[in-house]
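One structure is given below, represented as structure tokens, and several questions about it will come after.
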Amino acid sequence: MIEAIKKLKREKNALILAHYYAPLEIWEIADAIGDSLELSRKAAQATEDLIVFCGVRFMAESAKILNPDKKVLLPVADAGCPMADMITADALRTLKEEHPEAGVICYVNSSAEVKAESDICCTSAGALKVAGSLPHKEIIFVPDKNLGSYVASHYPEKKFYFIDGYCPIHNSCTAEDLKRAKALYPNALIAAHPECGKGTSEIADFVGSTTGILDFCRKSDSEEFIIGTEIEIVRALQKEFPQKKFYEAKEAFVCQDMKKNTLSTLLKALQEEKNEILLDEKTLRLAKKALENMINL
Ligand code: 13P
Ligand code: SF4
């Protein structure tokens, strides 16, 4: 399969992008792996004819928005993000009517239509900087209430409005889970994603994006870590540092949608070129502005 993928990739001049939560077998064959911000940058700069995005729908949509002349494929059509589905463009329009003075930040884990209604996007890697860049005293932050609260805690002078949006996988990692893990492994440092549940960012030694967590563990002298994010990050770190110990902050820390990406779905995508991302011109144009505002910053 790996040989067939490489051959088709060459023949079709394709770029394979993969998020860190895709299985390690995909990491090994991808042209670039990264967090949402890095992958958006890669997609924007791509010169290949075809982009195959081994991630979930909002990531492939962002690639299309940032590089609309390319053909972008999402290997598995129903690989989605439950958090992205928690806010619709209609709901955001209502929120904007209720708070007309507020600037609108949308987390990239959102649909193209929601991005089109927003002033600027953010990823977990740059959310603090994005919030600091807005002159508004009031900010609507959608859809992740956990990332939003983490950002808001750094800007007490601004008023934030949230919806009840969250990642079901990260939100179920609670402050109690982190305390329990720390009691079991008292020498371990805690690195957690800001999507984790209420109170976790106050307990963690490091809070950041998937890349941030990898970098934190790579640079640290510590021998043990409690990881508050998806299992693939633990697997990758354990493989890279076999002499160190990496513990999951809670059981079953798995994004099932990301795991829909396999060598076989990637090969099929390259063979059949189905599941192309298509967006209407207006959505594309408005969403591009919000994404580019983030990238430029
Ligand atoms: P990162 O931007 O940290 O890769 O996060 C994306 C995501 O979906 C986390 O659940
Ligand atoms: Fe969405 Fe959560 Fe999966 Fe990230 S881990 S893609 S936020 S469902």
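Which entries in Lys182/Lys219; Lys9/Lys259; Lys42/Lys274; Lys42/Lys71; Lys129/Lys250 show an alpha-carbon gap greater than 18 Å?
As for pairs spanning more than 18 Å Cα to Cα, those are Lys182/Lys219; Lys9/Lys259; Lys42/Lys274; Lys129/Lys250.
For the chain, what is the calculated [θ] at 222 nm in deg cm²/dmol (nearest 500), taking -39500 (n - 2.57) for each run of four or more DSSP H residues and dividing by its residue count?
Taken over the chain, the calculation gives -12500 deg cm²/dmol.
Please report, in Å, the Rg and the Dmax of segment 236-288, where both are computed over Cα atoms only.
18.4, 52
So, one more: Roughly how big is the chain's charge dipole about its Cα centre, with Cβ charges of +1 (Lys, Arg) and -1 (Asp, Glu), in debye to the nearest 20?
Dipole of the chain, to the nearest 20 debye: 400 debye.
I would also like to ask the following. Per residue of segment 136-144, in order, report the coupling 6.51 cos²θ - 1.76 cosθ + 1.60 (Karplus, θ = phi - 60°) as ³J(HN,Hα) in whole Hz, putting x for Gly and Pro.
Values, residue by residue: 5, 7, 10, 9, 8, 10, 10, x, 8 Hz.
Using amide H atoms built 1.01 Å from N in the peptide plane, name the residues 5+ places from Cys122, or on other chains, whose amide H lies under 5 Å from its own.
Here Cys106, Tyr107, Val108 satisfy the definition.
Further question on the same structure: Given q = 0.08, 0.09, 0.15 Å⁻¹, what are the Debye log10 I(q)/I(0) values for the chain, with equal point scatterers placed on the Cα positions and solvent ignored?
Scattering profile of the chain, log10 relative to I(0): -0.34, -0.43, -1.16.
Something else about it: Select from Pro242, Pro168, Pro82 the residue whose mean-square fluctuation is largest in a Gaussian network model of the chain (Cα-Cα springs shorter than 10 Å).
Pro242
Would you mind pulling out the separation of the Cα centroids of segment 226-297 and segment 119-178, in Å?
The distance from the Cα centre of segment 226-297 to that of segment 119-178 comes to 20 Å.
Something else now. With Rg and the Kirkwood Rh both taken from Cα atoms, where does Rg over Rh land for segment 1-150?
1.02
In the chain, what percent of the accessible surface is made up of carbon and sulfur (1.4 Å probe, ligands and nucleic acids excluded)?
50
While we're looking at this one, here's another question. Quick check on packing: order 92-103, 259-270 by the mean number of other C-beta atoms within 10 Å, highest mean leading.
By packing density, highest mean first, the sequence is 259-270, 92-103.
Taking the dipole about the Cα centre of the chain, with the C-beta of Lys and Arg at +1 and of Asp and Glu at -1, give me whichever of Ile139, Ile33, Ala84 is farthest to the positive side.
Ile33
Assigning unit charges at the beta carbon (Lys, Arg +1; Asp, Glu -1) and nothing else, what dipole magnitude in debye, to the nearest 20, does segment 89-167 show about its Cα centre?
Its charge dipole is roughly 280 debye.
Among Gly165, Leu178, Thr229, whose Cα projects farthest towards the positive end of the dipole of the chain, with charges put on the beta-carbon of Lys, Arg (+1) and Asp, Glu (-1)?
Towards the positive end, the residue furthest out is Thr229.
When all protein chains stay in place, what accessible area (Å², nearest 10, 1.4 Å probe) is found for Val207?
Accessible surface of Val207 is approximately 30 Å².
Taking H placed 1.01 Å from N in the peptide plane, check which residues at least 5 places from Ile190 or on another chain put their amide H under 5 Å from its amide H.
When sequence neighbours closer than 5 places are left aside, the close amide H contacts are Asp205, Phe206, Ile226.
Using DSSP to call loops (not H, G, I, E or B), can you name the GluC sites (Glu not before Pro) in segment 225-258 whose Cβ has at most 14 other Cβ atoms within 10 angstrom?
Sparse-neighbourhood loop GluC sites (Glu not before Pro): Glu251.
Among DSSP beta bridges whose residues both lie in segment 1-123, state the antiparallel percentage, nearest 5.
Close to 0 percent.
Hey, any idea what Rg/Rh is for segment 160-254, computing Rh the Kirkwood way over Cα pairs?
Answer for segment 160-254: 0.96.
The values are calculated or read from the model by the stated rules, or taken from the named source; none is laboratory data. As the structure is a computational prediction, the values presented were derived from the model and not from experiment. Cβ coordinates were reconstructed from backbone atoms using ideal geometry, including for glycine residues, and neighbour counts include every protein chain displayed. The accessibility values were calculated without ligands, DNA or RNA, using every heavy atom of the protein model including side chains. Shrake-Rupley method; radii C 1.70, N 1.55, O 1.52, S 1.80 Å.
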